[in-house]
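Contents: one structure, followed by commentary.
The values are calculated or read from the model by the stated rules, or taken from the named source; none is laboratory data. None of these values were measured; they are calculated from a predicted model. Cβ coordinates were reconstructed from backbone atoms using ideal geometry, including for glycine residues, and neighbour counts include every protein chain displayed. SASA here: full protein model, heavy atoms, side chains in, ligands and nucleic acids out. Shrake-Rupley method; radii C 1.70, N 1.55, O 1.52, S 1.80 Å.
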Amino acid sequence: MTAAEQSATVDAIVIGAGFAGIYATLRLTAMGLTVRSFDAADDIGGVWTWNRYPGARTDSLHETYCFTFDRDFYNEWAYTDIHPDQSEVLRYLHHVAERFDLRKLYTLSTRVESATFNEATDRWDVRTDSGEQVSAPYLVTGLGLVSAPIIPDVPGLESFGGELYMTANWPHDEVSLAGKRVAVIGTGSSGVQVISTIVGSVADLTVFQRTANWVARTGNRPVSDEERQGIRQHPEQVWDRVRQHPAGWPWEPVKRMALDTPAEERERLFEEAWEEGGFALLYKTYADLSTDKAANDILCDFFARKIASLVDDPVLAKKLTPNHPYGAKRPPAAEGYYEAFNRSDVHLVNLTETPIVSFTDKGIRTSAGEHEFDVIILATGFDAITGAFTRIDIRGLAGERLNDHWAEAPRTYLGLMITGFPNLFMVAGPQSPFANLPPGAQGQADWIANAIAHMRSDGIVRMQPSMDAEIEWTAHLDEIAEGLMTRYGEAAGSWFTGANVPGKPRAYNVYFGGHNVHADRCDAEQAADYPNFKMSQPVSADV
Ligand code: N01
């Protein structure tokens, strides 16, 4: 048992061992706080410990998919590819944990089941699934956006006699798919990565598609030595660009408008961005693609023609072409995805025509008949953003359950704190920006650490946002999302809005106003001594 495991009372409890939780642990420890950190996984790494499926890699850029708090530490690390794969990101996170001696603070393979704010002590009482109870004045969550997987509610799953895998909980041991008849259900970011990676190595691949997706190329390639040296000489330039970009990308935000550009010029720029891959289509072409449906239609027309040119069978190409705006759902990327469907050993089952009826002992039955498989892979997504919170019994002032507070929609201030849940701080929580995760998580955890330092220096025992601030932030977030293509997310079944989970309240779960705008607001809040927060001294009764 480590020293951390023995201590039931600490200064801060952190939940999560991904980018968010690791950095919060590091930052709070560096301030001299005693910290206990928990994660349900058996190792450090968050989403990267669970999602080990073939082809898993980030579509963020290598120089931004890491922490930037220390120039030398930043310059030490070198990812191989511009979009690092799962194994390298996991190695990086292990490297951080080891270098800053964080492992000893973590209790792994342990799920936090409940967290209750104790009004008598002004501490969070946390209970884990191992029965351990720990208490601390500050509770910091880094629960991850996509950490609560959903299993399709289809009869007979347990009766399938072959191998069944979930991308979101992929085995640690080698999985051999070679020579097998494989089904992949789901064509989100995970599904398209698996499909384009295993194609050709399996005997037969059947893709069950409910909603077609706009799958950009990745444009992945190794990082050249020259690029790496350039970044290492002036890393601050990268960090500044990331800080100023709405999505936390190291690119200049574009200002030109598709609707003001001649068709040939647009086509040329779209082609260039298509070749570059990833988010270039969205972030490097035109500013009005996300705001103006007419501009977005032009991009979708370009994309639909691309699909038609890549898929030999026009009927199949049509089935693979989405009918939602680009960006209504989180756009995935994969290399050779559409081309895979030209192979005779790859089949598409369009679930809008022939829905799944049940799983059987041999495979999957749709309304058109039974398909037999050796392996079924579920790439069916997550109860994203809020799911990891609502699966924990969290209770704030007067015993209010977080699930009740969020019964209709998540409500927070800046995605950082919740009214009625004092001293509960969230890194990359609901209503925080949809953006490149590590820079946002680092900035938010810094903000939280500073807020805790402020509380400690001023003898504040409770900090929570005012109800007005929470209402204002939620209204602002909705207004922004309604002005973007995200307003079509519900119809497209996007997890941005909870529309991918039957019965989940429909709401915009993430902030689309920009990582930069959010960071500015957080900075301003801090600089002005937290005007939208209620701070209480001991023996207060501000319920
Ligand atoms: O999940 P998803 P994901 N029957 O929700 C389908 C991040 N990520 O794991 O669209 C049949 O996107 C569902 O169909 P529909 C990234 O933020 C990043 O792929 O609801 N199908 C959909 O096709 C991403 O957005 C990276 O109609 C069913 C799919 O399953 C997020 O994680 C890589 C079904 C789920 O897609 C989630 O991605 C991977 C059912 N009952 C993930 N239920 C990168 O950085 C669901 N589906 C590259």
Query - Residue match in the stretch 204-225 (condition: part of a helix (DSSP H, G or I) and either open to solvent by less than 60 Å² (accessible area, probe 1.4 Å) or on the phi < 0 side of the Ramachandran plot (or both)) - result: yes
**Report entry** Hits in the stretch 178-187 (condition: out of contact with any strand residue (DSSP E or B) (no Cβ under 6 Å at 6 or more places or on another chain) and either more than 10 Å from the ligand (Cβ to nearest atom) or open to solvent by 20 Å² or more (accessible area, probe 1.4 Å) (or both))
**Finding:** A178, G179
Report summary line: All conditions in (1) touching a residue at least 24 places away in the same chain (Cβ under 8 Å); (2) in a helix (DSSP H, G or I); (3) open to solvent by 60 Å² or more (accessible area, probe 1.4 Å) are true of W473 except (3)
Query raised in the report: Right, D70: under 22 Å from A30 (Cβ atoms) and open to solvent by 20 Å² or more (accessible area, probe 1.4 Å) or not?
Result: yes
**Report entry** Count of residues meeting criterion [open to solvent by less than 10 Å² (accessible area, probe 1.4 Å) and either more than 11 Å from the ligand (Cβ to nearest atom) or over 15 Å from N169 (Cα atoms) (or both)] in the stretch 188-201
**Finding:** 3
Query raised in the report: Among the numbered criteria (1) over 24 Å from Y337 (Cβ atoms); (2) within 15 Å of the ligand (Cβ to nearest atom); (3) part of a strand (DSSP E or B), which single criterion is violated by R127?
Result: (2)
Query raised in the report: Any residue in the stretch 309-325 that is of a type in the set (V, I, T) and outside any helix (DSSP H, G or I)?
Result: yes
Query raised in the report: What number of residues within the stretch 456-470 satisfy the criterion of being part of a helix (DSSP H, G or I) and either on the phi > 0 side of the Ramachandran plot or crowded, with 20+ Cβ neighbours inside 10 Å (or both)?
Result: 2
Report summary line: When A507 is run through (1) farther than 22 Å from V242 by Cα; (2) away from the ligand (no atom under 11 Å from the Cβ); (3) surrounded by fewer than 17 Cβ atoms within 10 Å (Cβ to Cβ), the failure sits at (3)
Query raised in the report: Name the pairs: first residue in the stretch 252-266 and modelled with pLDDT of 95 or more, second residue open to solvent by 70 Å² or more (accessible area, probe 1.4 Å), Cβ to Cβ under 6 Å, at least 6 apart or on different chains?
Result: none
Query - Criterion: more than 19 Å from G144 (Cα to Cα), of a type in the set (D, E, K, R) and open to solvent by 30 Å² or more (accessible area, probe 1.4 Å) - qualifying residue of E479, E525 - result: E479
**Report entry** Residues of the stretch 349-406 that turn out to be in a loop (DSSP other than H, G, I, E, B), free of Cβ contacts under 8 Å to residues at least 60 places away in the same chain and among the aliphatic types (A, V, I, L, M), as a count
**Finding:** 1
Requested in this report: Could you tell me whether the stretch 303-322 includes any residue that is on the phi > 0 side of the Ramachandran plot, more than 11 Å from the ligand (Cβ to nearest atom) and open to solvent by 10 Å² or more (accessible area, probe 1.4 Å)?
Outcome: no
Report task. State all residues of the stretch 80-121 that are assigned to a strand (DSSP E or B) and either within 24 Å of N436 (Cα to Cα) or open to solvent by 40 Å² or more (accessible area, probe 1.4 Å) (or both); if no residue qualifies, say none. Result -> D81, D85, E113, T116, N118
Query - Single residue of the stretch 39-66 satisfying the filter (over 18 Å from P250 (Cβ atoms), assigned to a loop (DSSP other than H, G, I, E, B) and within 13 Å of the ligand (Cβ to nearest atom)) that is most open to solvent (accessible area, probe 1.4 Å) - result: R52
Query raised in the report: Does G381 satisfy being within 16 Å of the ligand (Cβ to nearest atom) and open to solvent by less than 10 Å² (accessible area, probe 1.4 Å)?
Result: no
**Report entry** Single residue of the stretch 122-140 satisfying the filter (of a type outside the set (K, R) and open to solvent by 40 Å² or more (accessible area, probe 1.4 Å)) that is nearest to the chain's Cα centre (by Cα)
**Finding:** D129
Report task. Inspect the stretch 153-176 for any residue being more than 15 Å from the ligand (Cβ to nearest atom), in a strand (DSSP E or B) and of a type in the set (D, E) and give the result as yes or no. Result -> yes
Query raised in the report: Can you tell which of L402, L416 is over 19 Å from the mean Cα position of the chain (by Cα), surrounded by 20 or more Cβ atoms within 10 Å (Cβ to Cβ) and among the hydrophobic types (A, V, I, L, M, F, W, C)?
Result: L402
